[in-house]
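**Student:** Please read through the structure below; I'll follow up with questions.
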Amino acid sequence: MQVLKATVAEISPLTEYVSKVVLTPEQDAEFAAGHYLQLVLGEKDKRAFSIASSPSKKNALELHIGASGADSYAMQALDHLKAAHNNQAQVDLEVGLGVSQIRPEQARPLVLLAGGTGFSYVKSMADHLAEINYDQPVLFYWGVKEESALYAKAEMEAWASSRANFQFIPVVEHASETWAGHTGYVHQAVMKDIVSLEPYSVYMAGRFDMIGIVRDDFINHGAQREFMFADAFAFIK
């Protein structure tokens, strides 16, 4: 873990409820794709957020914070960041946390799965895999409730078109009649598309209750537990 001070370079809306935050650390940030950071509000008050940018962006840490409700965990953190931005003050960070970072040395086909703003966890991995010219198949599934929540759809379509082994598959739970893509739950779309997950490494982020269900369903669909990664596993049975 690396303890850093950073300035808040940018806060901008991605959707009505999701904000992009860019932090400029005082010194180069060292982390792996898939790590998270903690925003330190107090000695015993630290808020965890996945790092959306790739490890090559050592001077610009990008976060995607989904926040609604004045007293919510995320909104309090966002308010803290806004206050620092407005006052040109620094914030305290702990960077490089987590045990579910990408492991390209395993050289296996990959499923990257995200629900909602869990997108930021796998976006860092996707960008990193493109930078290192990863040559195994990479399937990026992003599940959201409404089409309007696909705030990075064009960006990820461009990522997928950059290499023949990359695919981006958005999945909308409550789709409109005009939606032509996958519908329903994101992990069920994975199981529909892939006959067996046995050869894949799977990296996933989303609500803890979702991740527990996905883990169990994927194991029943052939996934090997030692090749499944999610920081949520430390908090669920």
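The values are calculated or read from the model by the stated rules, or taken from the named source; none is laboratory data. Every value quoted in this text rests on a predicted model; they were computed, and no experiment measured them. As a convention, Cβ positions derive from the backbone with ideal geometry for all residues, glycine included, and neighbour counts pool all protein chains shown. Side chains are part of the model used for accessible areas, which takes the heavy atoms of the whole protein and leaves out ligands, DNA and RNA. Shrake-Rupley method; radii C 1.70, N 1.55, O 1.52, S 1.80 Å.
**Student:** What is the number of the single condition among (1) touching a residue at least 12 places away in the same chain (Cβ under 8 Å); (2) open to solvent by 10 Å² or more (accessible area, probe 1.4 Å) that E105 does not meet?
**Tutor:** Of everything listed in (1) touching a residue at least 12 places away in the same chain (Cβ under 8 Å); (2) open to solvent by 10 Å² or more (accessible area, probe 1.4 Å), E105 misses just condition (1).
**Student:** I've got another one for you. I need the full set of residues from region 74-88 which are open to solvent by less than 40 Å² (accessible area, probe 1.4 Å) and under 16 Å from T24 (Cβ atoms), in order please.
**Tutor:** L81, A84, listed by residue number.
**Student:** Sticking with this structure for a sec: If K58 passes every condition in (1) within 30 Å of A164 (Cα to Cα); (2) in contact (Cβ under 8 Å) with a residue 40 or more places away in the chain; (3) open to solvent by 50 Å² or more (accessible area, probe 1.4 Å) but one, which one does it miss?
**Tutor:** (2)
**Student:** All but one of (1) modelled with pLDDT under 95; (2) open to solvent by 80 Å² or more (accessible area, probe 1.4 Å) hold for E198; which doesn't?
**Tutor:** All conditions are met except number (1).
**Student:** Just to be sure before I move on: is V172 in contact with a strand residue (DSSP E or B) (Cβ under 9 Å, 6 or more places away or on another chain), in contact (Cβ under 8 Å) with a residue 40 or more places away in the chain and not acidic (D, E) in the structure I sent?
**Tutor:** For V172, the condition - in contact with a strand residue (DSSP E or B) (Cβ under 9 Å, 6 or more places away or on another chain), in contact (Cβ under 8 Å) with a residue 40 or more places away in the chain and not acidic (D, E) - is not met.
**Student:** Show the residue pairs that are 6+ apart or on different chains and have beta-carbon atoms under 7 Å apart, the first residue being within region 212-225 and within 18 Å of I236 (Cα to Cα) and open to solvent by 70 Å² or more (accessible area, probe 1.4 Å), the second being β-branched (V, I, T) and at pLDDT 95 or above.
**Tutor:** R225/I219
**Student:** Test each condition in (1) open to solvent by 20 Å² or more (accessible area, probe 1.4 Å); (2) within 15 Å of the chain's Cα centre (by Cα); (3) farther than 28 Å from G42 by Cβ for V111 and report the one that comes out false.
**Tutor:** That leaves (1) as the condition not met.
**Student:** I'm told G66 meets every condition in (1) within 14 Å of the chain's Cα centre (by Cα); (2) closer than 30 Å to S196 by Cβ except one. Can you identify the failing condition by its number?
**Tutor:** (2)
**Student:** Go through the residues of region 204-213 one by one and say whether even a single one is at pLDDT below 95, in contact with an Asp or Glu (Cβ under 9 Å, 6 or more places away or on another chain) and closer than 23 Å to E16 by Cα.
**Tutor:** Checked against the condition, which is being at pLDDT below 95, in contact with an Asp or Glu (Cβ under 9 Å, 6 or more places away or on another chain) and closer than 23 Å to E16 by Cα, region 204-213 yields at least one hit.
**Student:** A follow-up question, please. Taking the options D71, D92, name whichever one is at pLDDT 95 or above and surrounded by fewer than 20 Cβ atoms within 10 Å (Cβ to Cβ).
**Tutor:** Details: D71 fails: at pLDDT 95 or above.
Exactly one of D71, D92 is at pLDDT 95 or above and surrounded by fewer than 20 Cβ atoms within 10 Å (Cβ to Cβ), namely D92.
**Student:** Restricting to region 120-179, name every residue that is among the aliphatic types (A, V, I, L, M), open to solvent by 10 Å² or more (accessible area, probe 1.4 Å) and assigned to a loop (DSSP other than H, G, I, E, B).
**Tutor:** I132, L150, A164, A175
**Student:** Here is a further query. For the subset of region 180-193 comprising residues that are open to solvent by 50 Å² or more (accessible area, probe 1.4 Å) and in a loop (DSSP other than H, G, I, E, B), which member is modelled with the highest pLDDT?
**Tutor:** Y185
**Student:** Going through region 73-91 one residue at a time, which ones are assigned to a helix (DSSP H, G or I) and in contact (Cβ under 8 Å) with a residue 12 or more places away in the chain? Before the answer, list the steps.
**Tutor:** Start the filter on region 73-91 by keeping residues that are assigned to a helix (DSSP H, G or I), which leaves 73-86.
If the condition is that a residue be assigned to a helix (DSSP H, G or I) and in contact (Cβ under 8 Å) with a residue 12 or more places away in the chain, then Y73, A74, Q76, A77, L78, H80, L81, K82, A84, H85 are the ones that fit.
**Student:** Name every residue in region 215-237 that is among the aliphatic types (A, V, I, L, M), in a helix (DSSP H, G or I) and modelled with pLDDT of 95 or more, in order of residue number. Walk me through it before giving the result.
**Tutor:** Step one: of region 215-237, the residues among the aliphatic types (A, V, I, L, M) are 219, 223, 228, 230, 232, 234, 236.
Cutting the leftovers down to in a helix (DSSP H, G or I) gives us 219, 232, 234.
The answer is I219, and nothing else.
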